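The values are calculated or read from the model by the stated rules, or taken from the named source; none is laboratory data. Nothing here was measured: the structure is a model prediction, and the numbers come from that model. Counting neighbours? That spans all protein chains shown, and the Cβs are built from the backbone with ideal geometry, glycine included.
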Amino acid sequence: MSTDEAEPPPPSPTTATERYAPTPARLSSRDPPMQDSSWSSLHSSLAVKCASLPNSSVNAACGALAGIASGIVTCPLDVIKTRLQAQGSFRPRSFTRPTRAVYNGLIGTARVIWTQDGVRGMYRGLGPMLLGYIPTWAVYMSVYDLSKDFYYTRMENKWLSRISASITAGACSTLATNPIWVIKTRLMSQVSSRAQEEHRPPWHYKSTFDAFRKMYASEGLSAFYSGLTPALLGLSHVAIQFPLYEYFKMRFTGLEMGQTTSADSDVHWVGILGATILSKICATSATYPHEVLRTRLQTQQRTLPSPSHEEIAFRGGHQGLGHHTRPPGTASSDGMINIPRYRGVLRTCAIILKEEGWRAFYNGMGTNMIRAVPAAVTTMMTYETLRSMHQKLKNEGEEIERQSR
C-alpha cells in the first residue's frame with residue numbers, strides 16, 4: 001500500500017464546525033435539542049473567552065484555586081504541626097528543664113486537640129489559611145511563570161533559571177502575604193481554656209478579624225511581619241522544590257510545569273504525582289528548621305514597653321533567687337507584657353538550642369511531612385488539571401475564531 005493511500009483524507013470544511021455544533025447522532029432522547037444547542041453555544045463562548053485570557057491571569061487563578069483545595073484538605077495536619085512547632089515557646093524562664101511535652105507525635109497531638117477543642121480545634125485558623133492561600137499561590141504561580149520566561153532569555157542554564165524564578169516568585173508572595181500567615185499561626189497555636197497555664201499563649205482571639213484588630217492595637221504593624229526573616233530564608237525551600245519538580249516532570253512526562261500539548265487528552269497523573277512527591281520530600285527535609293524558627297517568632301507578642309513601676313512587668317520580673325518570673329510574652333497580673341524571649345534568627349537559634357536541644361529544630365517534622373506531601377500533591381494536581389482544561393478550551397477557542405474569519 002502506498003504512503004498516500006495510508007494517510008487519512010483531509011478534513012472537510014465542516015469538520016471543525018461539527019466539533020462544536022450538535023448533530024443528530026449526539027442528541028439523546030432525554031435531552032431536548034434546544035438544551036444541547038444552548039450547552040454547545042455556552043461551551044463555545046467559554047472556549048473563545050479562554051483563548052483571550054493572558055497566561056498571567058490564568059496562572060494566578062489556577063494557583064489560587066489549587067491553594068484553596070490544598071488548604072481544605074490539610075488544615076487539621078497543619079494545626080497539629082503548628083502545635084508541635086510552638087511547643088516549648090511558652091515555658092517559664094525559671095524552668096531549668098524542658099517543659100513536659102503535651103503534644104507527642106501526630107496521633108497524640110490530634111488526641112489532645114480533639115479532647116480539648118473537638119472538630120473546631122482541628123480546623124482552627126482555616127479562615128486565614130484560605131485567605132492566605134489565594135494571594136500566595138496566585139502571586140507565586142503568575143510571577144514564577146513570568147520570571148521563568150524572563151530568565152530563560154538571559155541564562156543558558158535552565159536549572160539556574162528555574163532556581164532564580166522560584167526565589168523571585170517566593171519573595172514576592174512572602175512579602176505580600178506574611179501578615180495573613182502570622183494571624184493563621186497565632187490562631188492555630190491557640191489552645192483551649194482547659195489547657196495548663198504554662199502552655200497557654202498570651203492571647204485569645206475569637207476570629208480572624210478579632211486577631212487582626214487586637215494585634216494591631218496592642219502590638220503595632222511590626223507584629224504582622226514577625227518571622228519574616230526565617231520566612232525569607234524559607235525561599236531555599238521553593239528554590240529546591242520547583243526546579244526539582246520541573247526536572248522530575250520533564251523526565252517522567254517530557255513537559256514542564258503547567259505545560260500541555262494539543263495531542264494530550266489526559267493529564268499525566270502518574271508523572272505529576274511522582275514529581276510532586278519526590279520534590280517535596282527533598283525540599284522539606286533540607287529546609288525544615290526555618291519553619292520552627294518562623295513559628296516561634298510568629299507566636300509571641302511584640303508589645304512595646306509601657307510605663308510602670310520600675311518597668312518590672314516589661315522586663316519580665318526581678319531576676320535572681322527568691323523572685324518568681326513569668327513566662328516570656330505572657331500577661332502579668334497588672335496586665336503588662338513581658339519582653340519577648342525570641343529576638344532575631346540567631347538569638348532564637350541559640351535559645352532553642354540551649355533550652356531544648358537540637359532536636360527541637362525538627363519538632364513536628366514527621367507530621368509536617370505527612371501534611372506537606374498531600375498538600376503539595378493536591379496543589380500541583382489541581383493546578384496542572386486546571387491548566388490542562390484551560391489549554392484545551394483555549395485550543396478550541398482559537399479554532400472557532402479561525403473558522404469564523
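Scanning the range 154-192 for residues that are outside any helix (DSSP H, G or I) and free of Cβ contacts under 8 Å to residues at least 12 places away in the same chain yields a total of 4.
Restricting attention to the range 113-153, the residues that are in a loop (DSSP other than H, G, I, E, B) and over 29 Å from Asn55 (Cα atoms) add up to 3. Look at the range 246-257: where a residue is outside any helix (DSSP H, G or I) and a partner is of a type in the set (A, V, I, L, M), sitting 6+ places away or on another chain with Cβ atoms under 7 Å, you get Glu256/Met250. Filter the range 247-305 down to residues that are more than 22 Å from Trp159 (Cα to Cα) and small (Gly, Ala, Ser) and give me whichever is modelled with the lowest pLDDT. Selected residue: Ser265.
Quick grid of which residues meet (1) surrounded by fewer than 17 Cβ atoms within 10 Å (Cβ to Cβ); (2) farther than 14 Å from Glu291 by Cβ; (3) touching a residue at least 60 places away in the same chain (Cβ under 8 Å); (4) in contact with a Lys or Arg (Cβ under 7 Å, 6 or more places away or on another chain):
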residue	(1), (2), (3), (4)
Leu353	yes, yes, no, no
Trp358	yes, yes, no, no
Phe361	no, no, yes, no
Gly364	no, no, yes, yes
Arg371	no, no, yes, yes
Thr382	no, yes, yes, no
Leu386	no, yes, yes, no
Met389	yes, yes, no, no
Glu396	no, yes, yes, no
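Check whether at least one residue in the range 130-139 is in contact with a Cys (Cβ under 9 Å, 6 or more places away or on another chain) and closer than 17 Å to Gln241 by Cβ, and report yes or no. The answer is yes; a qualifying residue exists.
Between Tyr144, Tyr205, Tyr140, the distinction of being over 30 Å from Gly258 (Cα atoms), aromatic (Phe, Trp, Tyr) and either buried (at least 20 other Cβ atoms within 10 Å of the Cβ) or at pLDDT below 90 (or both) belongs to Tyr205 only.
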